[in-house]
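Worksheet: the structure to be examined is printed underneath.
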Amino acid sequence: MLIAVDGPAAAGKGTLSRRLAEHFNLARLDTGLIYRTVAKKVLETKDPENNKIAIEIAQFLSLNDLDTNGLRDEAIGTAASKISAIPEVRKTLLNFQRNFAKNPPNGKVGAVLDGRDIGTVVCPKAEFKLFITASSKIRAERRFKELQDRGKEAIRSAILRDIIDRDERDSIRSVSPLLPARDAQILDTSKLDPDAVFNLALNFISLKI
Ligand code: DC
């Protein structure tokens with residue numbers, strides 16, 4: 001069983017994917033974390049603007065690297081969005097993601113992958129594709145609350161700006177832009193709580209099983 005969950009930043013992909021993985025006993029890969037890990041490692045080098053370094057870091061990435069602290073910071077998200085537009089970085093990470101989907105760890109019989117291009121590029125043959133979205137204002141508000149809950153300082157207007165910029169960068173890049181697959185079920189979560197989103201997703205999946 002393979003479930004692809006795509007959508008823009010802070011739309012609720014993570015919460016939904018975690019719940020789907022638990023419900024169906026599947027492995028889960030948050031592919032945003034992959035780009036965030038590469039971005040964090042690149043920022044730690046002396047030459048963060050050097051694409052060659054980013055490509056090399058992507059080549060040597062392992063699943064254990066995704067446990068690093070601080071990956072959820074806004075600055076890392078922005079850096080990840082920039083690095084993810086480098087075609088060679090995407091090409092390298094494509095193998096990593098496909099390998100996870102094909103050979104899920106811990107003996108699981110399937111996987112949930114969430115990101116921006118899972119249904120379109122990484123796993124175009126996934127049986128179940130969901131595209132989760134919400135208005136930029138609502139997503140910014142959710143991210144603001146999340147940061148507050150984690151005890152981080154946050155400015156509402158800056159978060160909204162960041163979300164809008166990130167949406168644009170992720171959508172206009174030449175390789176694998178943020179886009180719903182033609183056979184994806186689109187879920188606008190603006191007016192839905194996590195339970196309602198989960199139930200709608202389950203409904204969609206059960207209709208296809
Ligand atoms: O989902 P996220 O906010 O953790 O993702 C961080 C950035 O990584 C996002 O702005 C774009 C990039 N990304 C991508 O290009 N493709 C994916 N499948 C996942 C994330």
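Every number here is computed from the coordinates shown, using simple stated rules; none is lab data. Just so we're clear, the structure is a prediction, and the values are computed from it rather than from any experiment. Cβ coordinates were reconstructed from backbone atoms using ideal geometry, including for glycine residues, and neighbour counts include every protein chain displayed.
The residues of segment 73-88 that are within 9 Å of the ligand (Cβ to nearest atom) and part of a helix (DSSP H, G or I), listed by number, are ILE76, GLY77, THR78, ALA79, ALA80, SER81, LYS82, ILE83. Of all residue pairs spaced 6 or more apart or on separate chains, those with beta-carbon atoms under 8 Å, a first member in segment 34-48 that is within 22 Å of ASP114 (Cβ to Cβ) and a second member that is assigned to a loop (DSSP other than H, G, I, E, B) and small (Gly, Ala, Ser) are TYR35/SER84; LYS40/GLY70. PRO8 meets all of the listed conditions (1) part of a helix (DSSP H, G or I); (2) within 14 Å of the ligand (Cβ to nearest atom); (3) touching a residue at least 40 places away in the same chain (Cβ under 8 Å) but one, namely (1).
Quick one: count up the residues across segment 117-146 that are among the aliphatic types (A, V, I, L, M), assigned to a helix (DSSP H, G or I) and either touching a residue at least 60 places away in the same chain (Cβ under 8 Å) or more than 17 Å from LEU187 (Cα to Cα) (or both).
First, pick out the residues of segment 117-146 that are among the aliphatic types (A, V, I, L, M): 118, 121-122, 126, 130, 132, 134, 138, 140.
Subset that is assigned to a helix (DSSP H, G or I): 118, 121-122, 138, 140.
Next, from what is left, pick out any that are either touching a residue at least 60 places away in the same chain (Cβ under 8 Å) or more than 17 Å from LEU187 (Cα to Cα) (or both): 118, 121-122, 140.
Residues that pass the stated criteria total 4.
Can you find a residue in segment 181-189 that is within 13 Å of the ligand (Cβ to nearest atom), in a loop (DSSP other than H, G, I, E, B) and under 17 Å from GLU127 (Cα atoms)? So far as segment 181-189 goes, yes, one or more of its residues are within 13 Å of the ligand (Cβ to nearest atom), in a loop (DSSP other than H, G, I, E, B) and under 17 Å from GLU127 (Cα atoms). Here is the figure for segment 131-160: residues that are within 14 Å of the ligand (Cβ to nearest atom) and under 30 Å from PRO87 (Cβ atoms) total 9. Beta carbons closer than 9 Å, at least 6 apart along the sequence or on distinct chains, pair a first residue in segment 65-80 that is among the aliphatic types (A, V, I, L, M) with a second that is surrounded by fewer than 15 Cβ atoms within 10 Å (Cβ to Cβ) and assigned to a helix (DSSP H, G or I) for ALA75/LEU43; ILE76/LEU43; ALA79/LEU43. Just so you know, in segment 1-34 the residues that are out of contact with any Gly (no Cβ under 8 Å at 6 or more places or on another chain) and among the hydroxyl-bearing types (Ser, Thr, Tyr) include one that is surrounded by the most Cβ atoms within 10 Å (Cβ to Cβ), and it is SER17.
If you go through segment 54-72 and pick out every residue that is part of a helix (DSSP H, G or I) and not β-branched (Val, Ile, Thr), you end up with 9. Residues that are free of Cβ contacts under 8 Å to residues at least 40 places away in the same chain and farther than 26 Å from ILE186 by Cβ were ranked within segment 92-116; the one that is farthest from the chain's Cα centre (by Cα) is GLY107. Within segment 190-209, the set of residues being in contact (Cβ under 8 Å) with a residue 12 or more places away in the chain and either part of a helix (DSSP H, G or I) or in contact with a Pro (Cβ under 9 Å, 6 or more places away or on another chain) (or both) comprises PRO194, VAL197, PHE198, LEU200, ALA201, LEU202, PHE204, ILE205, LYS208.
Mind checking which residues of segment 97-116 are more than 11 Å from the ligand (Cβ to nearest atom) and either part of a helix (DSSP H, G or I) or under 19 Å from LEU200 (Cβ atoms) (or both)? Result: ARG98, ASN99, PHE100, ALA101, LYS102, VAL112.
Would segment 31-47 turn up any residue that is assigned to a loop (DSSP other than H, G, I, E, B) and hydroxyl-bearing (Ser, Thr, Tyr)? So that I can check it myself, show each step before the final result.
We begin by selecting, within segment 31-47, every residue assigned to a loop (DSSP other than H, G, I, E, B); these are 44-47.
Next, from what is left, pick out any that are hydroxyl-bearing (Ser, Thr, Tyr): 45.
Yes, the conditions are met somewhere in segment 31-47.
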